[in-house]
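Accompanying notes for the structure given below.
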């Protein structure tokens, strides 16, 4: 994992959570859209928050696809779930909402999950079968590799 | 009865988004490291290869299905149940599907990560 790859993962996280918040804010400004006036949905794009939100979600998709080109799905998904934590922090410090203890525990669990997955390798290497168990149950005795 | 509808909506969303994630992941592994390919042959080659990949197109179709099922689900069910339940279950089903269909090595660490994140997402909605 290089610094540039961590930047792409950060891009997935930031674009998804900020894009979703902007869309949510924009759609609340636009107001509810009835099924009889679906053309309002097209006009909603004119709202700056909605437009910026869509742009960020496109950025999210590009970063997500890039990340999947060099990392496993089971690595990318948990690693980028920090976006949920970010949303809670935005709610707490930017929107001044009260965050309950249950939610803080949720934040803790997600952060722990991210910690677990990012300690391991990002990509499964398929051909070498010998490397299959190299990371599990390492013997306590010191190894003499050089 | 409403309960049954809600849970079947959740099942459809989870199934569609897991299928989508697996197909998109397979497509991008076939395309290869996007950064390296970009440096070697330019952005248009990257875009061409991604957009012509059948798995990518099917993956986008599955993701679209998941998105519309979510919208339909939200129109009859509880937002506070459907959104977090489907988001949370998707982390676990993706770990299972990635192991079976993508042959990813899902070790203890990754199982723990999937379960912890799934649990955390549930608590955030509680």
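Pairs meeting the criteria (first residue in the stretch A:32-46 and closer than 19 Å to residue B:72 by Cα, second residue assigned to a helix (DSSP H, G or I), beta carbons under 8 Å, at least 6 apart or on different chains) are A:33/A:40; A:33/A:41; A:33/A:44; A:34/A:40; A:40/A:30.
Whenever a residue of the stretch A:77-96 is buried (at least 18 other Cβ atoms within 10 Å of the Cβ), its partners that are not in a helix (DSSP H, G or I), lying with C-beta atoms within less than 7 angstrom and at least six residues away or across chains, give the pairs A:88/A:99.
Of all residues in the stretch B:82-126, those that are within 22 Å of residue A:89 (Cα to Cα) and not in a helix (DSSP H, G or I) total 1. Where helices (runs of 4 or more DSSP H) sit wholly within the stretch A:13-127, those with at least 3 residues that are away from every other protein chain (no Cβ under 14 Å) and modelled with pLDDT of 90 or more occupy A:48-70. Inside the stretch B:26-69, residues that are facing chain A (nearest Cβ under 10 Å) and within 16 Å of the chain's Cα centre (by Cα) make up a count of 8. Checking each residue in the stretch A:130-143 for being over 16 Å from residue B:108 (Cβ atoms) and either more than 11 Å from chain B (Cβ to nearest Cβ) or at pLDDT 70 or above (or both) picks out A:130, A:139, A:140, A:141, A:142, A:143.
The values are calculated or read from the model by the stated rules, or taken from the named source; none is laboratory data. None of the values given here were measured: they were computed from a predicted structure. So basically every Cβ, Gly included, is an ideal-geometry build from the backbone, and we count neighbours across all protein chains shown.
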